[in-house]
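A.B. asks: This is the structure I have questions about; it appears just below.
The values are calculated or read from the model by the stated rules, or taken from the named source; none is laboratory data. These numbers were taken from a predicted model, which means no experiment stands behind them. Virtual Cβ from ideal backbone geometry, glycine too; neighbours counted across all protein chains shown. Side chains are part of the model used for accessible areas, which takes the heavy atoms of the whole protein and leaves out ligands, DNA and RNA. Shrake-Rupley method; radii C 1.70, N 1.55, O 1.52, S 1.80 Å.
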Amino acid sequence: MSVQEYLDKHLLSRKIEDAVNAAVRAKASDPVLFISNHMRKAVPPVITKIKARQILDSRGIPTVEVDLYTNKGMYRASVPSGASAGMYEAVELRDGDKGKYLGKGVLKAVNMINEKISEALIGMDPLLQVQIDQAMMDLDKTEYKAELGANAMLAVSIAACKAGAAEKEVPLYKHIADLSGKNNPVLPVPAITVISGGKHAENNLAVQEIMILPVGANSFQEAMQMGSETYHHLKAIIMEQYGSVGYNVGDDGGFAPNISSITECLDLVKGAIDRAGYNGRIKMAIDVGATDFCIGKKYDLDFKTPAKSGQDFKTGEDMLELYTKLCTEYPIVSIEQPFDKEDWEHTKLFSALGLCQVVGDDLLMSNPKRIERAVNEYTCNALLLKVNQVGTVTEAIEVVKQAKDAQWGVIISHRSGETEESFIADLAVGLATGQVKAGAPCRGERLAKYNQLLRIEEELGNQAIYAGENWKYPNNENKWGPCI
């Protein structure tokens with residue numbers, strides 16, 4: 001084949017001429033580089049290969065990582081995992097072979113990607129996020145993704161989202177904003193874990209996390225400075241009162257002093273805020289994780305203390321009274337999962353008091369049907385979104401829209417088992433949720449999210465908006481004004 005025949009076969013003469021004309025119009029200083037990039041953009045993107053592998057999360061438990069290749073590059077994503085899973089959330093596919101990783105291997109999910117999902121998606125345009133996610137859902141056919149596994153599907157979905165952003169030559173958060181139909185990125189207020197308990201730490205504290213929210217900061221960078229300083233002041237206070245063993249950390253980096261009293265923990269955090277000089281500018285939040293210590297219809301706040309467990313059960317009314325007292329005595333603006341996952345009655349009663357943001361975690365499990373019920377029954381007023389509970393980027397965007405349409409708050413959340421993946425940082429900014437929960441300013445897998453948010457703020461420059469005191473309703477999405 002002659003050169004001319006080759007040019008004619010692939011219509012290269014016209015394409016090269018177009019590229020040269022574009023370089024002339026742009027007055028390109030490096031015409032070869034400009035023409036090369038122009039020609040590359042002219043080629044439609046297509047998924048060419050998907051390769052999955054088993055890696056370890058921050059707890060040393062296997063999880064899934066994916067490399068998604070297009071004809072223009074490679075895009076990597078990995079997925080987190082929680083300490084517990086509910087019956088209404090998307091299913092993680094694990095091996096169950098007790099002889100390997102205590103049954104927690106994910107080679108079945110890896111094989112699902114390498115064999116079934118890969119075959120279905122090769123040839124698709126990575127810009128078509130909805131179609132990619134729908135193709136996987138059609139392949140699975142089960143309500144909770146039990147066939148392919150949500151861990152398999154989410155890893156591929158996130159990798160495809162990154163590929164789509166790269167093709168558009170825009171930041172990931174901007175691509176996510178485009179997918180959601182909005183263009184109002186907001187830097188979220190971080191809910192920074194400072195004390196860990198529950199299933200996340202080996203101490204006697206029943207509640208899962210105590211967090212601080214730097215709502216009085218003027219930027220995300222300042223928020224992280226405030227949070228980090230308070231964290232280190234808390235470490236010093238714990239050292240003074242409990243010695244060096246008191247500042248061991250839990251799964252998400254929060255300190256884990258071996259105390260069981262919620263008020264004692266809140267006093268420690270309040271003292272750290274005061275010592276840091278941020279009184280009034282930092283608020284507090286609690287992730288109760290009450291499902292873990294609900295027995296029947298009663299609550300055992302001593303469930304982690306063998307000598308006391310089962311001796312002093314609290315009723316729903318007792319817990320309601322406790323939360324009311326805590327919100328009165330401490331600057332608490334948000335309480336997550338205050339009651340059992342099926343205790344709709346007391347959750348609704350607490351929400352009706354209007355004392356703070358009431359967040360549904362186990363209650364909702366990021367499940368659209370349960371969110372709809374909670375909206376209709378006025379059960380809570382905020383969603384904790386864990387992307388691995390829904391299983392695809394498209395579905396994550398849809399449940400955020402569902403919550404925002406109900407004028408709820410939305411928190412994008414990490415899991416106890418994390419990787420260095422920073423996707424939720426871009427997701428929180430792109431969807432303008434106003435709140436992100438990514439653990440303590442400690443441990444690399446937690447800081448991967450916070451550091452990505454710092455980069456995004458720097459990139460946005462003068463256009464950067466920090467949610468601040470509008471953390472619950474950024475971009476004036478509510479009709480009541482700032483939530484403080």
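For (1) touching a strand residue (DSSP E or B) at 6+ places or on another chain (Cβ under 8 Å); (2) without any contact (Cβ under 8 Å) to a residue 60 or more places away in the chain, each residue gets a yes or a no:
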| residue | (1), (2) |
| --- | --- |
| Lys100 | no, yes |
| Ile113 | yes, no |
| Pro126 | yes, no |
| Asp140 | no, yes |
| His175 | no, no |
| Ile195 | yes, no |
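A.B. asks: Confirm whether Gly354 is at pLDDT 95 or above, outside any helix (DSSP H, G or I) and surrounded by fewer than 18 Cβ atoms within 10 Å (Cβ to Cβ).
C.D. replies: Values: at pLDDT 95 or above: yes; outside any helix (DSSP H, G or I): yes; surrounded by fewer than 18 Cβ atoms within 10 Å (Cβ to Cβ): yes.
Considered against the rule, which asks whether it is at pLDDT 95 or above, outside any helix (DSSP H, G or I) and surrounded by fewer than 18 Cβ atoms within 10 Å (Cβ to Cβ), Gly354 comes out as yes.
A.B. asks: Further question: Counting only residues that are of a type in the set (A, V, I, L, M, F, W, C) and modelled with pLDDT of 95 or more, which one in the range 33-54 is most open to solvent (accessible area, probe 1.4 Å)?
C.D. replies: Val46
A.B. asks: Being in a helix (DSSP H, G or I) and charged (D, E, K, R) is the filter here; which residues of the range 100-116 pass it?
C.D. replies: Of everything in the range 100-116, those that are in a helix (DSSP H, G or I) and charged (D, E, K, R) turn out to be Lys108, Glu115, Lys116.
A.B. asks: Just one of Asp30, Asp97, Asp57, Asp67 is at pLDDT 90 or above and open to solvent by 60 Å² or more (accessible area, probe 1.4 Å); which is it?
C.D. replies: Every option except Asp97 fails the conditions.
A.B. asks: Can you tell me which residue within the range 291-321, out of those that are part of a helix (DSSP H, G or I) and free of Cβ contacts under 8 Å to residues at least 60 places away in the same chain, is most open to solvent (accessible area, probe 1.4 Å)?
C.D. replies: Filtering the range 291-321 down to residues part of a helix (DSSP H, G or I) leaves 291-293, 316-321.
When the remaining residues are screened for being free of Cβ contacts under 8 Å to residues at least 60 places away in the same chain, the result is 316-321.
On the way: Gly316: 3, Glu317: 104, Asp318: 65, Met319: 2, Leu320: 32, Glu321: 132 Å².
Result: Glu321.
A.B. asks: So, Thr70, is that one polar (S, T, N, Q) and either under 21 Å from Asp138 (Cβ atoms) or touching an Asp or Glu at 6+ places or on another chain (Cβ under 6 Å) (or both) or not? Reasoning before the result, please.
C.D. replies: Working: polar (S, T, N, Q): yes; either under 21 Å from Asp138 (Cβ atoms) or touching an Asp or Glu at 6+ places or on another chain (Cβ under 6 Å) (or both): no.
Taking the combined requirement at face value, the residue does not satisfy it.
A.B. asks: Please state which of the following conditions Gln452 fails to meet, knowing it meets all the rest: (1) without any contact (Cβ under 8 Å) to a residue 40 or more places away in the chain; (2) more than 18 Å from the chain's Cα centre (by Cα).
C.D. replies: (2)
A.B. asks: I would also like to ask the following. Scan the range 408-443 for residues that are over 19 Å from Leu213 (Cβ atoms) and at pLDDT below 95 and jot them down.
C.D. replies: Within the range 408-443, Arg415, Ser416, Gly417, Arg443 qualify.
A.B. asks: Across the range 107-131, which residue is nearest to the chain's Cα centre (by Cα) among those that are buried (at least 17 other Cβ atoms within 10 Å of the Cβ) and within 28 Å of Gly360 (Cβ to Cβ)?
C.D. replies: Gln129
A.B. asks: Another one. Within the range 134-158, which residues are in a loop (DSSP other than H, G, I, E, B), of a type outside the set (A, V, I, L, M) and open to solvent by 30 Å² or more (accessible area, probe 1.4 Å)?
C.D. replies: Answer for the range 134-158, where residues must be in a loop (DSSP other than H, G, I, E, B), of a type outside the set (A, V, I, L, M) and open to solvent by 30 Å² or more (accessible area, probe 1.4 Å): Lys141, Thr142, Glu143, Tyr144, Glu147.
A.B. asks: From (1) open to solvent by 10 Å² or more (accessible area, probe 1.4 Å); (2) of a type in the set (Gly, Ala, Ser); (3) over 17 Å from the mean Cα position of the chain (by Cα); (4) modelled with pLDDT of 95 or more, pick out the condition that doesn't hold for Ser180.
C.D. replies: Condition (3) is where Ser180 drops out.
A.B. asks: Restricting to the range 260-290, give me the number of residues that are surrounded by fewer than 16 Cβ atoms within 10 Å (Cβ to Cβ) and closer than 19 Å to Ser334 by Cβ.
C.D. replies: Residues in the range 260-290 being surrounded by fewer than 16 Cβ atoms within 10 Å (Cβ to Cβ) and closer than 19 Å to Ser334 by Cβ: 4 in total.
A.B. asks: Considering only residues that are of a type in the set (Ser, Thr, Tyr) and open to solvent by 30 Å² or more (accessible area, probe 1.4 Å), look in the range 322-347 and name the one that is nearest to Glu377 (Cα to Cα). Write out each step before concluding.
C.D. replies: Taking the range 322-347 as the starting set, the residues that turn out to be of a type in the set (Ser, Thr, Tyr) are 323-324, 328, 330, 334, 347.
Then drop every residue that is not open to solvent by 30 Å² or more (accessible area, probe 1.4 Å), which leaves 324, 328.
Values: Thr324: 21, Thr328: 26 Å.
Out of the qualifying residues, it is Thr324.
A.B. asks: Do you know which of the residues in the range 206-226 that are polar (S, T, N, Q) and more than 16 Å from Leu266 (Cα to Cα) is least open to solvent (accessible area, probe 1.4 Å)? Walk me through how you get there before you give the answer.
C.D. replies: Of the range 206-226, the ones polar (S, T, N, Q) are 208, 218-219, 221, 225.
Those still in the list that are more than 16 Å from Leu266 (Cα to Cα) too: 218-219, 221, 225.
Details: Asn218: 127, Ser219: 29, Gln221: 97, Gln225: 82 Å².
That would be Ser219.
A.B. asks: Within the bounds of the range 232-240, is there any residue that is small (Gly, Ala, Ser) and buried (at least 17 other Cβ atoms within 10 Å of the Cβ)?
C.D. replies: no
A.B. asks: With the requirement that a residue be aliphatic (A, V, I, L, M) and within 26 Å of Phe255 (Cβ to Cβ), what does the range 440-466 give you?
C.D. replies: Ala440, Leu447, Ala448, Leu453, Leu454
A.B. asks: Does Glu377 count as touching a residue at least 24 places away in the same chain (Cβ under 8 Å) and in contact with a Lys or Arg (Cβ under 9 Å, 6 or more places away or on another chain)?
C.D. replies: Spelling it out, Glu377 is indeed touching a residue at least 24 places away in the same chain (Cβ under 8 Å) and in contact with a Lys or Arg (Cβ under 9 Å, 6 or more places away or on another chain).
A.B. asks: Can you find a residue in the range 391-403 that is of a type in the set (Lys, Arg) and within 30 Å of Ala166 (Cα to Cα)?
C.D. replies: yes
Residue by residue, here is whether (1) surrounded by fewer than 24 Cβ atoms within 10 Å (Cβ to Cβ); (2) of a type in the set (Gly, Ala, Ser); (3) without any contact (Cβ under 8 Å) to a residue 12 or more places away in the chain holds:
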| site | (1), (2), (3) |
| --- | --- |
| Asn204 | yes, no, no |
| Ser228 | yes, yes, no |
| Val249 | yes, no, no |
| Phe255 | no, no, no |
